[in-house]
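S.K.: Take this structure, written in structure tokens, and hold onto it; I'll ask about it next.
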Amino acid sequence: PYLTSYYTENIIVTPHLGEMARLTGESVDQIKENLAATALEYAGRYGLTCVLKDAATVTAGRDGNLYINSSGNMAKAGSGDVLTGIIAGLIAIGMDEEEAACLGVYLHGRAGDAAASKSGAHSLLASELADAVGSVMAMV
């Protein structure tokens, strides 16, 4: 929570449930009860974009926009780093934060699905997820 003093404009946070519990002081069970409300409240309170990662990833914008993505096979070590890289890449080509976060989550999920279809969801590595991003972007 002390990191919130460093928040400025143009911030995107991408916590999983455990990280969000530490950020908010709520339990993981409380957060799971209402992912959307938690993400919206956090985004609104700090004026940022919040990508709350779970089986269905919720992206909340600072202005109250809410997006839910249910694609993906991404709960593997390193997959959050791949998501952050995708979002950063989209920002680098000119997208605003909220748009980049939403599209990044979608591309990440689709890449997870594509990679898992080749190697299996249980053996999917973050590197395979990253390798699938280009082919998924070509389809979008």
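S.K.: Being more than 18 Å from Lys53 (Cβ to Cβ) and assigned to a helix (DSSP H, G or I) is the filter here; which residues of the stretch 100-131 pass it? Please lay out each step first, then the result.
M.R.: Restricting attention to the stretch 100-131, the residues satisfying the condition of being more than 18 Å from Lys53 (Cβ to Cβ) are 114, 117-120, 122-123, 127-128, 131.
Result: Ala114, Ser117, Lys118, Ser119, Ser127, Glu128, Asp131.
S.K.: Out of all the residues in the stretch 25-45, is one or more surrounded by fewer than 20 Cβ atoms within 10 Å (Cβ to Cβ), among the β-branched types (Val, Ile, Thr) and modelled with pLDDT of 95 or more?
M.R.: Yes; the residues of the stretch 25-45 include at least one that is surrounded by fewer than 20 Cβ atoms within 10 Å (Cβ to Cβ), among the β-branched types (Val, Ile, Thr) and modelled with pLDDT of 95 or more.
S.K.: Of the residues Ala88, Ala92, Ala55, which is out of contact with any strand residue (DSSP E or B) (no Cβ under 8 Å at 6 or more places or on another chain) and modelled with pLDDT under 95? Show your work before the answer.
M.R.: On the way: Ala88 fails: modelled with pLDDT under 95; Ala92 fails: modelled with pLDDT under 95.
Ala55 is the lone residue from the list that is out of contact with any strand residue (DSSP E or B) (no Cβ under 8 Å at 6 or more places or on another chain) and modelled with pLDDT under 95.
S.K.: Asp81 versus (1) under 21 Å from Leu23 (Cα atoms); (2) open to solvent by 70 Å² or more (accessible area, probe 1.4 Å); (3) in contact with a strand residue (DSSP E or B) (Cβ under 8 Å, 6 or more places away or on another chain): which is the lone unmet condition?
M.R.: That leaves (3) as the condition not met.
S.K.: Do the conditions hold for Tyr67, that is, is it hydroxyl-bearing (Ser, Thr, Tyr), open to solvent by 50 Å² or more (accessible area, probe 1.4 Å) and closer than 19 Å to Gly104 by Cα?
M.R.: Numbers: hydroxyl-bearing (Ser, Thr, Tyr): yes; open to solvent by 50 Å² or more (accessible area, probe 1.4 Å): yes; closer than 19 Å to Gly104 by Cα: yes.
Against the criterion (hydroxyl-bearing (Ser, Thr, Tyr), open to solvent by 50 Å² or more (accessible area, probe 1.4 Å) and closer than 19 Å to Gly104 by Cα), Tyr67 qualifies.
S.K.: Follow-up. All but one of (1) of a type outside the set (A, V, I, L, M); (2) more than 23 Å from Asp96 (Cβ to Cβ); (3) exposed (fewer than 15 other Cβ atoms within 10 Å of the Cβ); (4) within 16 Å of the chain's Cα centre (by Cα) hold for His16; which doesn't?
M.R.: (3)
The values are calculated or read from the model by the stated rules, or taken from the named source; none is laboratory data. This structure is a prediction, so every number in the text was calculated from the model and none was measured. Cβ sites come from the backbone with ideal geometry, for glycine too, and all protein chains shown count toward neighbours. Only protein heavy atoms, including side chains, enter the accessible area calculation; ligands, DNA and RNA are left aside. Shrake-Rupley method; radii C 1.70, N 1.55, O 1.52, S 1.80 Å.
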